[in-house]
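> The structure's right below; bear with me while I get my questions together.
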Amino acid sequence: TQAFRAPAGYQLDFALATTYSLDLGALLGSTLHLSVLGNDGRSAGFQNGVMLLEGLRRSAEHLVVFCQAGQIYVPQIPHILYGLLEPVVVPVRTPLGGAFHPKLWALRFVGEGKKPVFRVVVLSRNLTHDRSWDVALATEGVPTGRRWRSNEGLRDLVAGLPDMNPRTPTAIRKKVLQLAEQLHSAEWQCPEGIDEMRFSSLGFSGKGWTPQESQKLAVISPFVSAKALQQLAKSTRDPVLLVSRPEELDKLDPPARRVFPQCFSLREAAETEDGEDLSQESNVLRGLHAKVYISQDGRDTTITMGSANATLAAVVYGLNVELLG
């Protein structure tokens, strides 16, 4: 929820999210947090039920969520508040026939007499109640009037969203395209220890993705394919480490397993809490779900993370729509 908190003196103006699968309960919770936290942290009025309902309605007017068509989870318990979410959700299909797989939050905050502030969160998790091991990158930036090449991948993804559904409302299309251009010009605050940030998107040109050439490479990916691992290994002198799910590693034939000499998976005990009853939440995803590519070249280390697994549809053929940062 920290990502939804408005900076001091600002309030939420527009929020955009992308996800493969969508749980309406998780979206309702996110909309609630935007209502409470997106207004400079002032939430006293939301203790009143009528004020809360009005806050949810107003937040829904400033929110749009793009998700893969057919991947919206139907809530087990109906609730009148779900009706507020209908105009918020835009189901999409990708231009090249792959999966719509990016996980992104892009928020714009405005303050009187101030430049807008953008907050971008690149994740490996979907907008669901999954309890997986995931990873996220959050950063803030301001518009500069200059188009940064390092932001082109982010701009291309956001600008391409409205065309993935021919019925995207005109008002939403206009807001999304405006946000895309603003994100293109944003200068980001790098996290501590990071010198440079850049974004890459897949699924528009039919080209895959490979890390820059390096001396060493480590890969964390819950889903893998032999050809993708071979392509990744060609980008480095020493493919030192692969972390994946045990069932994915078992599918690889011996030559593919040897591409990365060290292959690991999470301990089963790390996936669940002691004494946890799994039978009551059989549909909740657990285990490794983070996607991270760590390359080292001399004294420089590049960490690339986001939605792309080490698979054919993602990194080899670029059929899936993905986002990496």
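> Could you please give the count of residues in the range 84-99 that are under 13 Å from Leu28 (Cβ atoms) and open to solvent by less than 50 Å² (accessible area, probe 1.4 Å)?
4
> May I pose another question? Output the qualifying pairs, or none if there are none: Cβ atoms under 7 angstrom, residues six or more apart or on different chains, first residue in the range 165-188 and touching a residue at least 60 places away in the same chain (Cβ under 8 Å), second residue of a type in the set (S, T, N, Q) and crowded, with 18+ Cβ neighbours inside 10 Å.
Once the first residue is touching a residue at least 60 places away in the same chain (Cβ under 8 Å) and sits in the range 165-188, its partners that are of a type in the set (S, T, N, Q) and crowded, with 18+ Cβ neighbours inside 10 Å give Leu183/Asn151; Ala186/Asn151.
> When you go through Glu187, Glu181 one by one, which is the residue that is modelled with pLDDT of 95 or more, open to solvent by 70 Å² or more (accessible area, probe 1.4 Å) and assigned to a strand (DSSP E or B)?
It is Glu187.
> A further question on this structure: Restricting to the range 100-135, name every residue that is buried (at least 20 other Cβ atoms within 10 Å of the Cβ) and more than 19 Å from Thr31 (Cα to Cα).
Hits for the range 100-135 are Phe100, His101, Pro102, Val117, Ser124.
> Would you pick out the residues in the range 1-29 that are among the polar types (S, T, N, Q) and crowded, with 22+ Cβ neighbours inside 10 Å?
Listed by number, the residues that qualify are Thr18, Thr19.
> Something else about it: Test of understanding: among Ser201, Ser221, Ser244, Ser235, which residue is more than 22 Å from His101 (Cα to Cα), hydroxyl-bearing (Ser, Thr, Tyr) and in contact with a strand residue (DSSP E or B) (Cβ under 8 Å, 6 or more places away or on another chain)?
Result: Ser235 is the single residue among Ser201, Ser221, Ser244, Ser235 that is more than 22 Å from His101 (Cα to Cα), hydroxyl-bearing (Ser, Thr, Tyr) and in contact with a strand residue (DSSP E or B) (Cβ under 8 Å, 6 or more places away or on another chain).
> List the number of the failed condition for Val219; all other conditions in (1) open to solvent by less than 60 Å² (accessible area, probe 1.4 Å); (2) within 21 Å of Val92 (Cα to Cα); (3) out of contact with any Gly (no Cβ under 7 Å at 6 or more places or on another chain); (4) not in a loop (DSSP other than H, G, I, E, B) hold.
(2)
> A follow-up question, please. Look at the range 162-178 and say how many of its residues are touching a Lys or Arg at 6+ places or on another chain (Cβ under 9 Å) and either assigned to a loop (DSSP other than H, G, I, E, B) or more than 27 Å from Thr1 (Cα to Cα) (or both).
3
The values are calculated or read from the model by the stated rules, or taken from the named source; none is laboratory data. These numbers come from a predicted model, not from an experiment. Positions of Cβ are backbone-derived with ideal geometry, glycine not excepted, and every protein chain shown enters the neighbour counts. Note: areas computed on protein heavy atoms with side chains; ligands, DNA, RNA excluded. Shrake-Rupley method; radii C 1.70, N 1.55, O 1.52, S 1.80 Å.
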